[in-house]
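No lab work stands behind these numbers, since they all come straight from the coordinates. All of these numbers come straight from a predicted model, not from anything done at the bench. Cβ placement follows ideal geometry from the backbone for every residue including glycine, while neighbour counts extend to all protein chains displayed.
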Amino acid sequence: MYLCNIVFTLNHSEKLIVELEEQLEKLPCYCFIPIVFFIQQQGYILSDSYLPDDMTYLRTFLTKGLNNELQLHPSITQNIGYLDNIKVKYDHEQAELEDKNEEDNWKPSPHLTYKEENYWVWVGSDYGIWRYNNLATWIYNDKQSNIIFEITPRYPNFFAEENEIQDITFNEWIKEYKPLLTRIISPEIAWQWIVQADKVIACIKNKWGEAESIENNNGKMIYEQCPRNK
């Protein structure tokens, strides 16, 4: 682990860690910053994206959770990660069908419920905070208004390279499906994480402000300008 990591502690053995190569205010940019959840010594990458957005997602979801605004849609009667796998499989099948027919004929799955305003967006997407490779991370409220933090696996062959394909069919895999982790985030921990996320966001905004003053640049760094992409 890097010495400059930002640690969001859930309990004595489980932590959400933002892995930083150097101090936050000294980073050349905030692209591709890993967010890793540790269970004992085992780490699982939950995101490797744009840190300001990831911290905003975290504080937004936790704030909604504290206000009991993340009750699951009535159509979600099975585990949300299980349904996520059903959705991704259906989307893959639809994409293959479109490629075969060379036309756009996507249709919603009859087994899932979609948003009225965006008929192609599954209602479960409202509870997904991060996705990275074969893991999805969710925050929602249970029927007792607890904040649930859940990490769920995705069928490993959905996003695998050709040389990484595993010898197991989706139907075989989904029979053994279970969440990787399901935890309750207490209100005290939720507030602590929100405060930490806000500090990260404020630090980044402050650095942008300094950079804009020096360079007379009215916007944040775009992807093409990022030192990690040169």
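Equivalent ellipsoid semi-axes for the range 1-123, as square roots of 5 times the alpha carbon gyration tensor eigenvalues: give them largest first, rounded to whole Å. Can you show the working numbers first?
Numbers: eigenvalues 237, 79, 44 Å².
Square roots of five times the eigenvalues give 34, 20, 15 Å.
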Between THR60 and LYS178, what is the spin-label point distance in nm, taking each point 7 Å from the Cα along the Cα→C-beta axis? 3.4
Lys and Arg at +1, Asp and Glu at -1: add these up for the other residues within a Cβ distance under 14 Å of ILE147 and post the number. 0
Considering Cα pairs under 8 angstrom that are at least six residues apart, work out the relative contact order of the range 3-50 and quote it in whole percent. 31
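Dipole size in debye (nearest 20) for the range 6-229 around its Cα centre, Lys and Arg Cβ +1, Asp and Glu Cβ -1? Provide the component values of the computation, followed by the final result.
Numbers: 20 positive and 35 negative charges, 199 e Å.
The dipole of the range 6-229 has a size of about 960 debye.
How high is the relative contact order of the range 37-159, in percent, with contacts defined as C-alpha pairs under 8 Å that are six or more residues apart? Write out the running numbers ahead of the final one.
Numbers: 143 pairs, mean separation 37.8, N = 123.
Computed over the range 37-159, the figure is 31 percent.
How long is the gain from LYS199 to VAL121 if the chain were fully straight, where each residue apart is worth 0.36 nm and the alpha carbon distance is subtracted?
Values: separation 78, 0.36 × 78 = 28.08 nm, distance 3.22 nm.
Gain on stretching LYS199 to VAL121: 24.9 nm.
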Of SER109, SER186, how do they rank once you tally other Cβ atoms within 10 Å and put the fewest first? SER186, SER109
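Expected output is a single nm value to one decimal: the length gained when fully extending between LYS107 and LYS15, i.e. 0.36 nm times separation in residues minus the C-alpha distance. What is it? Kindly include the intermediate steps, with their values, before the conclusion.
Details: separation 92, 0.36 × 92 = 33.12 nm, distance 3.99 nm.
Value of the extension gain: 29.1 nm.
Kirkwood Rh over alpha-carbon pairs of the chain, then Stokes-Einstein at 10 °C and 1.306 mPa s: what D in µm² s⁻¹, rounded to an integer? Don't skip to the end; give the middle numbers.
On the way: Rh = 19.7 Å.
This corresponds to a translational diffusion coefficient of 81 µm²/s.
Using Cα pairs under 8 angstrom and six or more residues apart, how large is the relative contact order of the chain, in percent? Could you put the intermediate results ahead of the total?
Working: 328 pairs, mean separation 46.3, N = 230.
Averaging sequence separation for qualifying contacts and normalising by length gives 20 percent for the chain.
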